[in-house]
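What follows is a single structure, written as structure tokens, with notes after it.
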Amino acid sequence: MSELKNDRYLRALLRQPTDVTPVWMMRQAGRYLPEYKATRAEAGDFMSLCKNAELACEVTLQPLRRYPLDAAILFSDILTIPDAMGLGLYFETGEGPRFSSPITCAADVKKLPVPDPEQELQYVMNAVRTIRKNLQGEVPLIGFSGSPWTLATYMVEGGSSKAFTKIKKMMYSDPSILHAMLDKLAESVILYLNAQIRAGAQSVMIFDTWGGVLTGRDYRNFSLYYMHKIVDGLLHENEGRRVPVTLFTKGGGQWLEQIADTGCDAIGLDWTTDIGHARERVGHRVALQGNMDPSVLYGSPARIEQEVSSILEGFGQGDGHVFNLGHGIHQDVPPEHAGAFVEAVHRLSAAYHK
Ligand code: CP3
């Protein structure tokens, strides 16, 4: 078993005792850090940064040099799978991700390959291996993927969306096309995450950024069903240690019991759910990750500390909480405010672990 100097994050996901509450930030490597912008400029564009293992490793480690974070997250993107399927991912400045060949019909779905993670996605595995080596056991490394539903929204809409018109049209007029696509995506995600685990990821997280735009019934049938399949298909142990899996559905606060039923180890919460209520509902079954509104980081360090304090109090005494933001850090947040956040979590949480 490889040695891990700080295993608070893994212990909290398994609801084991820790000295303080572990903390990391979704999108902790990114444009709010000037050193990220410099490395990205060196790489040229975002996907070139993802495909260069040394530079991807460098930006993964940048936030850890600034802040005493309890976990590192692989620097990559959820859209690597559709890109490897041949949809032609590109980024339009200020517009977000785009696909040159979106999915429109059954024939498109039939043609989709299930990518081999050690071939088309080998650059991701190389990044995982490089990061693990350079972390030198300081903190665990988180691997990740998008959920099948969330990936499908980008693949059908051709990019980001607000109304999800095309995919909802497909869902309500020809659901078998969508199910065939989600099935291929679930298979691809299982292979991809297991390859990340074999390459050295010590925990994995599934980002279901758009599950919350569905009705409860459609969430179960089109998103949760496929995440459950993935949880069933994952390697749950590696290097003699449990590899915990966290499911994060943004806007999923109504469905926590059903999410816990998948057998995941932890649930990610956005800020619209009260963490104390969430703990009462599912805290005896899973750990909880979250859930400060990332916009609180626009406030003063004193205001940030106040919010951290109220979330810690809401969760209450005991283990099974990984502190995080309820969604990714905004790109115009002052880096010192992120520092004040991390410091406040460690300092104020000790009292809850006695
Ligand atoms: O958390 C981390 O630090 C790890 C890296 C990470 C990125 N994307 C880097 C990234 C992770 C975990 C993601 C996940 C991701 N990507 C999600 C799910 C999480 C969420 O935020 O809901 C989604 C929906 C995507 C798709 C995507 N990729 C979007 C919407 C964008 C933003 C486009 C823009 O211009 O703002 C990206 C690009 C992206 N992924 C950036 C980063 C740091 C910005 C790229 C840049 O440097 O310009």
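Each reported figure results from applying straightforward, stated rules to the coordinates on display, with no laboratory input. Here the structure is a predicted model, which means the values were calculated and not measured. When we count neighbours, we look across all protein chains shown, and the Cβ atoms used for this are built from the backbone with ideal geometry, even at glycine.
Of note:
- Proxy reagent accessibility, fewest Cβ within 10 Å first, across S223, S300, S188: S300, S188, S223
- Within the chain: Cβ-based charge dipole about Cα centre, in debye rounded to nearest 20 (Lys, Arg +1; Asp, Glu -1): 240 debye
- Antiparallel DSSP beta bridges within the chain, as percent of all bridges there, nearest 5: 25 percent
- Most mobile of A29, A38, A84 in a GNM of the chain (Cα contacts under 10 Å): A38
- Nearest-ten-degree value, helix 175-199 long axis tilted from longest Cα axis of the chain: 50 degrees
- Neighbour counts of other Cβ atoms within 10 Å put L193, L33, L13 in the fewest-to-most order L33, L193, L13.
- Residues H284 and S309, FRET efficiency given R0 of 22 Å [Cβ-Cβ distance, rounded to 0.05]: 0.35
- Within a Gaussian network of the chain (alpha carbon springs, distance under 10 Å), most fluctuating of L74, L288, L87: L87
- Reachable aspartates and glutamates from K250, criterion Cα separation under 13 angstrom, eight or more residues apart if same chain: D208, D270, D293
- For K354, the lysines whose Cα falls under 26 Å of its own Cα, not counting residues fewer than eight places away in the same chain, are K5.
- Candidate cross-link partners of K111 among the lysines, defined by an alpha-carbon separation under 19 Å and a same-chain spacing of 8 or more, comprise K184.
- Normalised contact order of the chain, rounded percent, pairs of Cα under 8 Å and 6 or more residues apart: 23 percent
- Förster radius 22 Å - calculated FRET efficiency between R31 and Y352 (Cβ-Cβ, nearest 0.05): 0.10
- Label sites at N134 and D108, each approximated as a point 7 angstrom past Cα along Cα to Cβ, lie 3.7 nm apart.
- For F99, F323, F46, the sequence from fewest to most other C-beta atoms within 10 Å is F46, F99, F323.
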